Amino acid sequence: MDAYVGKTRVRLLQGDITRQDTEAIVNAANSSLMGGGGVDGAIHRAGGPQILEECKEIVARQGRLPTGEAVLTSGGRLAARYVIHTVGPVWQDGRHGEPELLRNAYYNSLSLAKKHGIRSLSFPSISTGAYRFPIEKAARIALSTVCDFLKEHAFDEVRFVLFSEKDLRVYEEAWLEISDS
Ligand code: AR6
């Protein structure tokens, strides 16, 4: 899927986020910023030790990263120049502020990218793996938050990189729902 929101190209595609050539990629991290499994593990493996070094400095300076917040490191050996690390919520039952916290994770990642003059970025599907956020709900939140932001601030491109074909289909359906409303 390929569309425009204002001047920003928005793309939904199946792939590996560590291989994206956007200026920044977003990491679905945890509050420790010390790496983990899933997309977080893949980014640290592909980007090398430089990313973890910078994460340690951030934690030494400001402590653990609260859910919904975002910080920036270099991309190490990745094609992307920067990694934006954000922490999505762990899904409990939807009544513990999970939707709002997921919205914050996307919004604060976009704001940080803008602040650093980044022109293109790739998102994974934050919170829908180990953190068990239902992907249909998460996709609607992700896409609507990004669309709302893009109405106010333009990038060259924002990409959503979904790991499986099934996840890509869920995001494509959510995109159609959002564009209709
Ligand atoms: N490229 C794109 N998407 C990927 C990749 C990849 N290389 N690898 C996995 N995914 P998860 P979360 C997808 O669990 O739910 C970590 O241990 C994956 O299929 O990575 O936010 C952190 O350290 C899923 O659709 O992130 C935290 O402790 C999506 O990325 C915790 O997991 C998110 O799954 C965060 O959990």
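So, in the range 138-151, exactly how many residues are open to solvent by 30 Å² or more (accessible area, probe 1.4 Å) and either in a loop (DSSP other than H, G, I, E, B) or within 13 Å of the ligand (Cβ to nearest atom) (or both)?
0
Just to be sure before I move on: is residue 133 in contact (Cβ under 8 Å) with a residue 60 or more places away in the chain and either buried (at least 18 other Cβ atoms within 10 Å of the Cβ) or aromatic (Phe, Trp, Tyr) (or both) in the structure I sent?
In short, no.
From the list 154, 174, which residue is in contact with a helix residue (DSSP H, G or I) (Cβ under 7 Å, 6 or more places away or on another chain), of a type outside the set (Asp, Glu), more than 21 Å from residue 67 (Cα to Cα) and more than 11 Å from the ligand (Cβ to nearest atom)?
None of the others qualify; the one that does is 174.
How many residues does the range 43-76 hold that are in contact with a Phe, Trp or Tyr (Cβ under 9 Å, 6 or more places away or on another chain) and more than 20 Å from residue 120 (Cα to Cα)?
Selection size over the range 43-76: 1.
Return the residues of the range 9-23 that are within 18 Å of residue 37 (Cβ to Cβ), among the acidic types (Asp, Glu) and either assigned to a helix (DSSP H, G or I) or without any contact (Cβ under 8 Å) to a residue 60 or more places away in the chain (or both); say none if nothing qualifies.
Within the range 9-23, no residue meets the criteria.
Can you tell me which residue in the range 152-181 is farthest from residue 13 (Cα to Cα), limited to those that are over 16 Å from the mean Cα position of the chain (by Cα), part of a helix (DSSP H, G or I) and acidic (Asp, Glu)?
If we take residues in the range 152-181 being over 16 Å from the mean Cα position of the chain (by Cα), part of a helix (DSSP H, G or I) and acidic (Asp, Glu), then 152 is farthest from residue 13 (Cα to Cα).
The values are calculated or read from the model by the stated rules, or taken from the named source; none is laboratory data. Note that the coordinates shown come from a computational prediction; the quantities given were computed from them, not determined experimentally. Quick reminder, even Gly has a Cβ in these numbers, built from the backbone with ideal geometry, and neighbours come from all protein chains shown. To get the accessible areas, we keep the full protein, side chains included, count just its heavy atoms, and leave off ligands, DNA and RNA. Shrake-Rupley method; radii C 1.70, N 1.55, O 1.52, S 1.80 Å.
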